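J.: Starting off with a structure, shown below.
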Amino acid sequence: MITAVLPTYARIDLEFERGEGCWLVTTDGRRFLDFTAGIAVNVLGHAHPHLVKALEGQAEKLWHISNIFRIPGGERLAERLCAATFADTMFFTNSGAEALECAIKMARKYHFANGDAEKNQIIAFKGAFHGRTLATIAAGGNPAYLEGFEPNMPGFTHVPFGDIEAVCAAITPRTGAILLEPVQGEGGVRVHPEGFLKQLRALCDEKGLLLVLDEVQCGVGRTGRLFAHEWEGITPDIMAVAKGIGGGFPMGACLATEKAAKGMTLGTHGSTYGGNPLAMAVGNAVLDVILKDEFLAHVNAVSTHLRARLEKLVADHPAIVAEVRGKGLLLGLKLNVPVGEMITQLRGEGLLAPAASDNVMRLLPPLVVSIEEADIAVDKIETVCRRLEAAGAVVQGGAE
Ligand SMILES: *Cc1c(COP(=O)(O)O)cnc(C)c1O
């Protein structure tokens, strides 16, 4: 018999009752170190006092009104995000996929507004993940997510990851934009070759294309800069953001330059919930913490420490761990044993970490994680490495 909740997830049989910082506590009192953070969402950990206060304070006043009215909290959040980024304007959504939907619509509409309606094709990358709506599964191009949901939304071409020649070769007179994650998350925590974003920026400028970044997973401090593209000193035309931006409250945003947003005039887009007062109160509270000078310094300090320890794991346990990937606290371990086996055993040790494609285990702690907590996590991984070595359970590749 079908479960009351649509069975699209193979759910781990743990019931959590509450969270405290980087820790989750089950109904029967077991504590787990949370290096999943709701898939890079809980940037300030669980039950952060500043977020709780903001949510409670707003909950007593006003939850929802509709975008037919002014929402001062949203105006404030947008102004603050504009001041902190390349953006001149933004649209608030409830999720990452919706932020991408807005980005895709905006890119198409930009060329339409310029009288180039045929420039509605977008170049995206193999291994990408952009969400699970019809447009975003087409943008991601993962056959497993497309199968059976045909007809596929047209308008996307996919080129190999990090291949600038392939991008150049794929550009046609109908190309309007290039869409990518600065660091691929679900695709296996893959970082582009150094200088790749710069090359894409130059290409877009030369050909009159829009550079659209998906920073849903890698943004909001995750890589050690407010947004990952800042590492390469470039700015996009359009950027989709979600996950960390709400710290656990469902929200997202599509940020853009004034130029890129030129087609998005009165009545061209909308959302009932997007940017409602409750979400905006939490979003502002997340920014209060993230925009403090010491915040990103902390992310980089913990990341440097964690990464060094993970590199040592690779050196000490090459039969188990092949490679460290990623940037900041968006880290991945490419494994020589099946990632599912590693993750299950780590759960037994009290560490929660999610998988990605390519037999990679992701380490996505809350960005407030301490050096001590990072050490606890690595110690647990090392314990499992030793056990797997002792068991001789060295299987190449394997299940995800
Ligand atoms: C999670 C994710 C999305 C989709 O976000 P949802 O909130 O699940 O719709 C899009 N792009 C990237 C890079 C993501 O990691």
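J.: Under 6 Å between Cβ atoms, at least 6 apart or on separate chains: pull out the pairs that start in the range 383-400 with a residue that is on the phi > 0 side of the Ramachandran plot and charged (D, E, K, R) and end on any residue that is open to solvent by 70 Å² or more (accessible area, probe 1.4 Å) and modelled with pLDDT of 80 or more.
T.: If the second residue must be open to solvent by 70 Å² or more (accessible area, probe 1.4 Å) and modelled with pLDDT of 80 or more, no pairs are left.
J.: What is the residue count in the range 329-368 for residues that are in contact with a Leu (Cβ under 6 Å, 6 or more places away or on another chain) and either among the polar types (S, T, N, Q) or part of a helix (DSSP H, G or I) (or both)?
T.: Residues meeting the conditions: 2.
J.: Can you tell me which residues in the range 149-166 are open to solvent by 30 Å² or more (accessible area, probe 1.4 Å), more than 14 Å from T133 (Cα to Cα) and among the aliphatic types (A, V, I, L, M)?
T.: Scanning the range 149-166 gives a single hit, I164.
J.: Among all residue pairs at least 6 apart or on different chains, which show Cβ distances below 8 Å where the first residue, located in the range 94-106, is assigned by TED's automatic domain parsing to the domain that holds G131 and the second is near the ligand (Cβ under 9 Å from one of its atoms) and open to solvent by 20 Å² or more (accessible area, probe 1.4 Å)?
T.: Short answer, once both residue conditions are applied: N94/P250; S95/P250; G96/K243; A97/R132; A97/T133; E98/T133; L100/T133; E101/T133.
J.: Filter the range 228-251 for residues that are in a loop (DSSP other than H, G, I, E, B) and surrounded by 24 or more Cβ atoms within 10 Å (Cβ to Cβ); which is farthest from the ligand (Cβ to nearest atom)?
T.: Within the range 228-251, the match that is farthest from the ligand (Cβ to nearest atom) is D237.
J.: Would you check which residues across the range 286-295 are farther than 15 Å from G45 by Cα and within 19 Å of the chain's Cα centre (by Cα) and list them?
T.: L291
J.: Can you tell me which residue within the range 170-181, out of those that are open to solvent by 10 Å² or more (accessible area, probe 1.4 Å) and not charged (D, E, K, R), is farthest from the ligand (Cβ to nearest atom)?
T.: Ranking the qualifying residues of the range 170-181, first place goes to P173.
J.: Can you tell me which condition F69 does not meet? The list is (1) without any contact (Cβ under 8 Å) to a residue 12 or more places away in the chain; (2) within 25 Å of A355 (Cα to Cα), and all the others hold.
T.: Every listed condition holds for F69 apart from (2).
J.: Additional query: If you take the residues of the range 15-30 that are outside any strand (DSSP E or B) and more than 20 Å from V369 (Cα to Cα), which of them is most open to solvent (accessible area, probe 1.4 Å)?
T.: E15
J.: Okay, moving on. From R190, R201, grab the single residue that is closer than 30 Å to A353 by Cα and open to solvent by 20 Å² or more (accessible area, probe 1.4 Å).
T.: Result of the check over R190, R201: R190.
J.: Please find, among A83, A87, A117, A107, the residue that is assigned to a loop (DSSP other than H, G, I, E, B) and either within 20 Å of L291 (Cα to Cα) or within 16 Å of the ligand (Cβ to nearest atom) (or both).
T.: A87
J.: In addition: (1) more than 16 Å from M251 (Cα to Cα); (2) surrounded by 13 or more Cβ atoms within 10 Å (Cβ to Cβ): which one isn't true of R76, the others all being true?
T.: (1)
J.: Would you please list the contacts, defined by Cβ atoms under 9 Å and residues six or more apart or on different chains, that run from a residue in the range 132-146 that is under 15 Å from K105 (Cα atoms) to a residue that is within 11 Å of the ligand (Cβ to nearest atom) and aromatic (F, W, Y)?
T.: These pairs meet every condition: T136/F129.
J.: For the list (1) touching a residue at least 40 places away in the same chain (Cβ under 8 Å); (2) open to solvent by less than 40 Å² (accessible area, probe 1.4 Å); (3) in a helix (DSSP H, G or I); (4) outside the structural domain of E230 (by TED's automatic domain parsing), I need the number of the one condition that I376 fails.
T.: Unmet for I376, out of (1) touching a residue at least 40 places away in the same chain (Cβ under 8 Å); (2) open to solvent by less than 40 Å² (accessible area, probe 1.4 Å); (3) in a helix (DSSP H, G or I); (4) outside the structural domain of E230 (by TED's automatic domain parsing): (2).
J.: Out of the range 126-136, which residues are over 19 Å from P160 (Cβ atoms) and either within 11 Å of the ligand (Cβ to nearest atom) or aromatic (F, W, Y) (or both)?
T.: Listed by number, the residues that qualify are G131, R132, T133, T136.
J.: Name the single residue, out of those in the range 252-293 being within 16 Å of the ligand (Cβ to nearest atom) and within 30 Å of D116 (Cα to Cα), that is most open to solvent (accessible area, probe 1.4 Å).
T.: Once the filter is applied, the top-ranked residue is S271.
The values are calculated or read from the model by the stated rules, or taken from the named source; none is laboratory data. All values reported here derive from a predicted model rather than from experimental measurement. All Cβ positions, even for glycine, are placed from backbone atoms using ideal geometry, and neighbour counts span all protein chains on display. For the accessible areas, the whole protein counts, side chains as well, though only heavy atoms, and no ligand, DNA or RNA atoms are used. Shrake-Rupley method; radii C 1.70, N 1.55, O 1.52, S 1.80 Å.
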